[in-house]
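Please read the structure below before turning to the comments.
Each reported figure results from applying straightforward, stated rules to the coordinates on display, with no laboratory input. As the structure is a computational prediction, the values presented were derived from the model and not from experiment. Heads up, the Cβs are rebuilt from the backbone with ideal geometry, glycines too, and the neighbour counts pull from every protein chain shown.
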Amino acid sequence: MIVRPLLPFALVALLAAAIVPETAQAQAFPSRPVKIVVPTSPGGATDAFARALAARLSESWGQAVLVENRPGANQILGADHVSKSAPDGNTLLVSDASSFVINPHLYKNLPYDGVNGFTPITVLVRFPWVIAVHASVPADTFRELVAFAKTNPGTIAYGSFGLGSSAHISVDYLKNLLGIDIVHVPYKGAAPAVADLLSGRIQLMMVTPLLVEPHARAGKLRLVAAATAQRIPRLPELPTVAESGVPGYEAGTWFGLVGPAGVPKNIVAKIYADTLKALDDPAFRETYVTKQWFEVVGNTPEQFADYLKAEYARWDRLIKLSRVSVE
């Protein structure tokens, strides 16, 4: 008789005990410096964008937001470190698609789960790719490039920013679709590959326009196609690969912001809201998005989770068709 009326109060007490720490945690976050891990070397596009975002989040939070570079093993070292960190929001990862949806298909013994090993927060930006050729290549269009490659097998070398990188897979998939023989030359990053493209040591690259469009205007390189689904707004005269004889072809990548699996939803919501505030700021967009040829995405954590699953399936198909192998 005495126990029954006490049961609701016990439940209320238990619920209050569960809710209060979560609320306090949200209000307090971040109560100490936050670390954003970048799984690539300093100075690259991922690193630069992560540092710009870190500065904005530090202003919003009144806490230091530090960028830590952990390059190595095709981004595996940095991604693995974050996946095994405490799920409290104080360790985050900014990486391109490779960490989440490409490496899981390339490495049999990957030490983390690319999709389920992280808490999705948002896709920050996506960026387009173009196909650039050295000025010595006798092709003004993508169709002419393909025709030249078919009649001169093995004479075109193309650079990528790493063995098993998204650019490597995307070009090998394309060359298998077209039945052309071009030679892959992997580099440790896009910058040294572009340097060799400018010198003529390699003849072709699929790369962000940020690194090649100024050289194309100077006549040192030639842009023959955009690898995007639609034409790039800033390059409206440049046809896409899909328009040039390969229907449905699309390539490019994106930067995602994640935490380890299990970050509380209220902390995820705060990080997402403050990140979106930075992405929506006109000054931030002008300097760190538009000038870099990026496109803001800023999808919700739930949308990002669905997108990860779709991208995982898409890259599984592309990697099989490209026949790229790293092990």
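Normalised by the residues of the chain, what does the relative contact order come to in percent, with Cα pairs under 8 Å and at least six apart?
Numbers: 596 pairs, mean separation 81.8, N = 327.
Relative contact order here is 25 percent.
State the answer as a single residue: which of A97, S166, P138 lies farthest towards the positive end of the charge dipole of the stretch 57-183, with beta carbon charges of +1 for Lys and Arg and -1 for Asp and Glu, about the Cα centre. Value computed over the given set: P138.
Evaluating 6.51 cos²θ - 1.76 cosθ + 1.60 at θ = phi - 60° for every residue in the stretch 85-92, the Karplus couplings come out as 7, 5, x, 10, x, 8, 10, 10 Hz, glycine and proline recorded as x.
Apply the a/c threshold of 1.5 to the C-alpha gyration tensor of the stretch 204-327 and tell me whether it is rounded, prolate or oblate. Oblate shape, in that a/c is at least 1.5 and b/c is the bigger or equal ratio.
In this model, which of K35/K320; K150/K220; K188/K291; K35/K265 are farther than 27 Å apart at the alpha-carbon?
K35/K320
In the chain, what percentage of the DSSP-assigned beta bridges are antiparallel, given to the nearest 5?
Details: 24 of 39 bridges.
Antiparallel bridges: around 60 percent, rounded to the nearest 5.
For the stretch 32-40, 3J(HN,Hα) computed residue by residue from phi via the Karplus equation (6.51, -1.76, 1.60; θ = phi - 60°) reads 8, x, 9, 10, 9, 8, 10, x, 10 Hz, glycine and proline entered as x.
Amide hydrogen proximity for V183: with H placed 1.01 Å from N in the peptide plane, the residues at 5 or more positions away or on another chain lying under 5 Å are I156, A157, Y158. Computed extension gain for S325 through N109, at 0.36 nm per residue and net of the alpha carbon distance, reaches 76.4 nm. Each of L177, H81, G62 was scored by the projection of its Cα onto the charge dipole of the chain, and the greatest displacement toward the positive side belongs to H81; charges sit on the C-beta of Lys, Arg, Asp and Glu.
Of the residues P209, I232, G298, the one whose Cα sits farthest toward the positive end of the charge dipole of the stretch 205-327, with +1 on the Cβ of Lys and Arg and -1 on the Cβ of Asp and Glu, is P209. Per-peptide packing, taken as the mean over residues of other Cβ atoms within 10 Å, places 232-239, 145-152 in the sequence 145-152, 232-239 from highest down. The separation of the stretch 273-305 from the stretch 52-76, counted between C-alpha centres, amounts to 15 Å.
Please work out whether the stretch 177-260 counts as rounded, prolate or oblate from its C-alpha gyration tensor, where a ≥ b ≥ c are the square roots of the eigenvalues and a/c under 1.5 means rounded, while otherwise a/b larger than b/c means prolate and anything else oblate?
Values: a/c = 1.26, a/b = 1.04, b/c = 1.21.
Rounded, because the longest to shortest axis ratio a/c is under 1.5.
Membrane-span-like helices of the chain, defined as complete DSSP H segments with a Cα extent of 15 Å or more along the helix axis and a mean Kyte hydropathy of at least 0.0, are identified as 3-28, 45-61, 166-178, 265-280. Under a 5 Å amide H cut-off, with hydrogens placed 1.01 Å from N, V37 pairs with E68, L92, L93, V94 among residues at least 5 apart or on other chains.
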